[in-house]
1. Please count how many residues of the range 83-103 are in a loop (DSSP other than H, G, I, E, B) and either free of Cβ contacts under 8 Å to residues at least 60 places away in the same chain or farther than 20 Å from Lys198 by Cα (or both).
2. What number of residues in the range 104-153 are in contact (Cβ under 8 Å) with a residue 40 or more places away in the chain and either open to solvent by 50 Å² or more (accessible area, probe 1.4 Å) or part of a helix (DSSP H, G or I) (or both)?
3. For the range 165-195, which positions are exposed (fewer than 11 other Cβ atoms within 10 Å of the Cβ), within 25 Å of Ser48 (Cβ to Cβ) and charged (D, E, K, R)?
4. Among the residues of the range 52-82, write down those that are free of Cβ contacts under 8 Å to residues at least 40 places away in the same chain and in contact with a His (Cβ under 9 Å, 6 or more places away or on another chain).
5. Could you tell me how many of the residues in the range 38-82 are over 23 Å from Thr191 (Cα atoms) and either in a loop (DSSP other than H, G, I, E, B) or within 12 Å of the ligand (Cβ to nearest atom) (or both)?
6. Where residues in the range 50-89 are open to solvent by less than 50 Å² (accessible area, probe 1.4 Å) and β-branched (Val, Ile, Thr), which of them is farthest from Lys166 (Cα to Cα)?
7. Would it be correct to say that Leu214 is at pLDDT below 95, surrounded by 13 or more Cβ atoms within 10 Å (Cβ to Cβ) and more than 15 Å from the chain's Cα centre (by Cα)?
Amino acid sequence: MAEQNKSLYESAFDNNKKWIAEKKSTNKDFFKHLAEGQNPEFLYIGCSDSRATAEDLMGAGPGQVFVHRNIANVVGGADLNTLSVIEYAVGHLQVKHVVVCGHYYCGGVKAAMQAQDLGILNPWLRYIRDVYRIHRKELDAIADEEQRYRRLVELNVEEQCINVIKTAVLQKSFIKKGTPTVHGWVFDVRTGELIDLKIDFEQKLKNIREIYDLGAGV
Ligand code: CO
């Protein structure tokens, strides 16, 4: 078939037409409902890596997840992009959960493990180098490089969850309404499996508030 020889770029609009037909065949008002607004259950902060898709890997459809992706799923303290997404998702859309999802074999994490000047990527990767510094004792004790790499992916997720918890909008919402809760996940590119790191959100929040309390007066 000629279509199979087409690149995704060339077939994107044809695929879109098929997708519309497929959605309408199961629910003729599908797009009418979509146009009415969004009420996503959670915010997903993941990596831009083309293999670590957001909705697809968890079976979510349009309208169900508010998504933000960047290199190595970083939540930077002065990154207006990510912080605006959190502000809007938590403060306005009132999502019930915030998920930070990393993935094994993350190129951003790998790059941060190497002593190399990567130009404009340096300040971004520094967030991950900082994670390494915070957990240096544990990481340096892992002799196997691949295991160390996997562990840094997990610790990066955990630290980015903590960065989410540092935000005023999260703290104020949780103190007032008991939501959202924050979760750390890892996607294993090799097996397709989604793993819940089971971070203790309430304990992390408690620890954070001793230093980063922005919820006073709520
Ligand atoms: Co990645």
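1. Matching residues across the range 83-103 total 2.
2. So the count comes out to 14.
3. Scanning the range 165-195 gives a single hit, Arg190.
4. Once the filter is applied, which keeps residues that are free of Cβ contacts under 8 Å to residues at least 40 places away in the same chain and in contact with a His (Cβ under 9 Å, 6 or more places away or on another chain), the range 52-82 yields Gly63, Asn81, Thr82.
5. Going through the range 38-82 one residue at a time, the tally reaches 13.
6. Thr53
7. So Leu214 passes the test.
The values are calculated or read from the model by the stated rules, or taken from the named source; none is laboratory data. Note that the structure is predicted; figures quoted are calculated from it, not measured. Heads up, the Cβs are rebuilt from the backbone with ideal geometry, glycines too, and the neighbour counts pull from every protein chain shown. For accessibility, only protein heavy atoms count, side chains too; no ligands or nucleic acids. Shrake-Rupley method; radii C 1.70, N 1.55, O 1.52, S 1.80 Å.
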